[in-house]
Amino acid sequence: MIIPGTLGQVLAVLLLILPGFVFTAVRARRRGPSPADGEFGQRVLTAIGIGAVLDSLYVVIGGRHVTDLLSSQRPAEWIQQPRLLTVVAFGLLVFVPAVLAVLDDLRLTGRFDVPLGKNRKPLRLWYQGRYDPTPSAWDYAAPPRGSTFIRVRQTDGSWVGGWFGSDSFLSTWPEPHDLFIESQWEMSSEGEFVRRLAGTRGAYVSCAQDVVVEWVAPPDSTDNQSEGGGSADGQSSGASEGGHQEGEWA
């Protein structure tokens, strides 16, 4: 194994690997983990690829200043200016990749969509293709469904259910599927919601076994428009019970 022996060689290695790792780390922090994050080899290859792209941009923009920094001709000049070297290294290795990762996440969430008219879909600045990277049907269906009733038929045929709102929680990939229902209800043998349990402070339900999970709209959805939609992608569903009268199902 060849160990970098000069300042230029050390910077070259850092420029090749560190920006990609920073980019992927910030992106994973904002979006959550993905199946590719679980494989170290895949993460290294992704980091090297992103680093190579960023390095090419640095050379195009910086020109000779970058090549001089990486060459062995002027290392003493940079060592004599430690503050400047630190600022440049932090900017190229950390700040720029982190900012690009945030912008990329905003792009995928539609923040940079270009409106084309009232009855036309906006122009999106990304293309997903035919392959959907969502790792499972659970990760596709469960996270967006907040501010609603939920019921789970367990393996013994019994039901557990209640209101799934802002204080509820569900786990997504790569964790086992489970739920925290913030307000538990008494359930009939047929899975009907009977009444809110007195003193309930929530219920934990494991969905790892052969269970059936159903999301059920409140009886009068017009009374719940103030609740809004929720999302529980590995966190709370993001919506409150609002005007729904939990004590009465019908």
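The values are calculated or read from the model by the stated rules, or taken from the named source; none is laboratory data. Every value quoted in this text rests on a predicted model; they were computed, and no experiment measured them. Here the Cβ positions follow ideal geometry from the backbone for every residue, glycine too, while neighbour counts run over all protein chains shown.
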### Message
Here is a list: LEU103, LEU123. Which entry is loosely packed, with under 13 Cβ neighbours inside 10 Å, assigned by TED's automatic domain parsing to the domain that holds LEU54 and within 25 Å of the chain's Cα centre (by Cα)?
### Response
LEU103
### Task
Mind listing just one residue for me: the one in the range 86-96 that is under 12 Å from LEU14 (Cβ atoms) and not small (Gly, Ala, Ser) and, of those, nearest to the chain's Cα centre (by Cα)?
VAL94
### Query
Given the conditions (1) on the phi < 0 side of the Ramachandran plot; (2) part of a loop (DSSP other than H, G, I, E, B), which single one is not true for GLY157?
(1)
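Residue-by-condition table, conditions (1) part of a loop (DSSP other than H, G, I, E, B); (2) under 29 Å from PRO33 (Cβ atoms):
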position	(1), (2)
TRP163	no, yes
ASP167	yes, yes
PHE180	no, yes
GLY191	yes, no
ALA208	yes, yes
### Query
Among the candidates GLU214, GLU192, which residue alone is in contact with a Lys or Arg (Cβ under 6 Å, 6 or more places away or on another chain) and either of a type outside the set (A, V, I, L, M, F, W, C) or modelled with pLDDT under 90 (or both)?
GLU214
### Task
Could you tell me whether the range 146-161 includes any residue that is farther than 17 Å from ASP210 by Cα, over 29 Å from the mean Cα position of the chain (by Cα) and either modelled with pLDDT under 95 or assigned by TED's automatic domain parsing to the domain that holds ALA208 (or both)?
no
### Message
Here is a check on your reading of the model: is PRO122 farther than 16 Å from SER34 by Cβ and not hydrophobic (A, V, I, L, M, F, W, C)?
### Response
yes
## Note on the structure
Going through (1) within 25 Å of PRO133 (Cα to Cα); (2) at pLDDT 70 or above; (3) surrounded by 14 or more Cβ atoms within 10 Å (Cβ to Cβ) one by one, ARG111 fails only at (3)
